[in-house]
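Undergrad: Dropping a structure here in structure tokens format, bear with me for questions.
The values are calculated or read from the model by the stated rules, or taken from the named source; none is laboratory data. For clarity, every value in this text was computed on a predicted model and none was experimentally measured. All Cβ positions, glycine included, derive from the backbone under ideal geometry; neighbour counts span all protein chains shown.
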Amino acid sequence: MTNALALPLDVRLMNLTTSILVTILLLACLAAGLWWGLRNPAFSIGRITVEGDTAHNSPASLRATVAPRLSGNFFTLDLDSARAAFQSAPWVRKAMVQRVFPNQLNVILQEHVPVALWGEEDTHMVNMQGEVFEANADAADDDLPRLLGPDGRAAEVLQMYALLAPVLKPLQQPVAELALEARGNWRVELENEATIELGQGSPEELKARLAQFVSTVGEVAARHQRGPDAIASADLRHSSGYALRLRGVTTMRPDAAGALPRR
């Protein structure tokens, strides 16, 4: 067996130089291709399609508003920034942005679905997920209830509304306002401006307290030739029952069966 002869030094240097030159040439070609792609107007974003929920924002108005805020082309556009630009539009909760070769963006929108007003002003609402968003309430349903509470607790107030509103249906007066006050007391205002002070307690306790009131208040009102629609205010924070004020009549029911202790 014969040993392979080592290549002469000058041959090895030539091969190494060739390899280096080929690598440099390939990198140069790649850089030139990237430069061409980044500069070529054929890849500039020329079309934006908008799909999904567009009840409060037309695709044309969204394109006109957002397009000037987009920078870059098909290759360099920051999708996170583009998504944030669309989500900054009123009523838009989520936006999914996708590139479509060679120069198009496809945007799918999900709008907020308002279920209540939030706070004293008509510029903030709560969506189905308990998130607060800012938009023109004039474009929403006129029958939305108003929820009040400390910042960051909108979801909790919405959950309480969903729990208590069905309990009040026998009174045939929808909930106009539900408030969580700073000290943790809950207060309900009905459509006829009647107020019900619920006090403090767990959701289950408050529900039971309100259910007991709804089941007996008709009887109490009837004793004074009134119906539940005559309720002006009720205070359910008493341990032995509740205080009730009827329009034109004031009374106290001291021994309401099943009344909950004061919290």
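Undergrad: So Gln98 clears everything in (1) out of contact with any strand residue (DSSP E or B) (no Cβ under 6 Å at 6 or more places or on another chain); (2) surrounded by fewer than 14 Cβ atoms within 10 Å (Cβ to Cβ) except one condition, right? Which one?
TA: It fails just one condition, (1).
Undergrad: Taking only pairs six or more apart or across chains, which ones have beta-carbon atoms under 8 Å, a first residue in the stretch 99-126 that is without any contact (Cβ under 8 Å) to a residue 24 or more places away in the chain, and a second residue that is surrounded by fewer than 20 Cβ atoms within 10 Å (Cβ to Cβ) and of a type in the set (Phe, Trp, Tyr)?
TA: His112/Phe133; His124/Phe133; Met125/Phe133
Undergrad: Failed condition for Asp138, given (1) out of contact with any strand residue (DSSP E or B) (no Cβ under 8 Å at 6 or more places or on another chain); (2) not assigned by TED's automatic domain parsing to the domain that holds Glu181, with all others met?
TA: Condition (2) is where Asp138 drops out.
Undergrad: Residues that are under 30 Å from Glu156 (Cα atoms), part of a loop (DSSP other than H, G, I, E, B) and not assigned by TED's automatic domain parsing to the domain that holds Gly152: does the stretch 119-126 have at least one?
TA: no
Undergrad: Taking Leu164, is it at pLDDT 95 or above, part of a helix (DSSP H, G or I) and in contact with a helix residue (DSSP H, G or I) (Cβ under 8 Å, 6 or more places away or on another chain)?
TA: It is true that Leu164 is at pLDDT 95 or above, part of a helix (DSSP H, G or I) and in contact with a helix residue (DSSP H, G or I) (Cβ under 8 Å, 6 or more places away or on another chain).
Undergrad: Same structure, new question: Exactly one of (1) under 29 Å from Arg226 (Cβ atoms); (2) touching an Asp or Glu at 6+ places or on another chain (Cβ under 7 Å); (3) not aromatic (Phe, Trp, Tyr) is unmet by Ala137. Its number?
TA: (1)
Undergrad: Can I ask one more? Is the stretch 32-54 home to any residue that is modelled with pLDDT of 90 or more, among the charged types (D, E, K, R), outside the structural domain of His124 (by TED's automatic domain parsing) and within 28 Å of Asp141 (Cα to Cα)?
TA: yes
Undergrad: Right, Val66: modelled with pLDDT of 90 or more, in a strand (DSSP E or B) and under 20 Å from Ala139 (Cβ atoms) or not?
TA: In short, no.
Undergrad: While we're here: Under 15 Å from the mean Cα position of the chain (by Cα), in a strand (DSSP E or B) and farther than 30 Å from Met160 by Cβ: which single residue out of Ala95, Ala116, Ala89 fits that description?
TA: Ala95
Undergrad: For the stretch 233-263, which residues satisfy the criterion of being modelled with pLDDT of 80 or more, buried (at least 16 other Cβ atoms within 10 Å of the Cβ) and not basic (Lys, Arg)?
TA: The answer is Ser233, Ala234, Asp235, Leu236, His238, Gly241, Tyr242, Ala243, Leu244, Leu246.
Undergrad: Report, by residue number, each residue of the stretch 130-146 that is in a loop (DSSP other than H, G, I, E, B) and surrounded by 13 or more Cβ atoms within 10 Å (Cβ to Cβ).
TA: Gly130, Glu131, Ala135, Ala140, Leu144, Pro145
Undergrad: Go through the residues of the stretch 176-190 one by one and say whether even a single one is more than 16 Å from Leu117 (Cα to Cα), among the polar types (S, T, N, Q) and out of contact with any Phe, Trp or Tyr (no Cβ under 8 Å at 6 or more places or on another chain).
TA: Yes.
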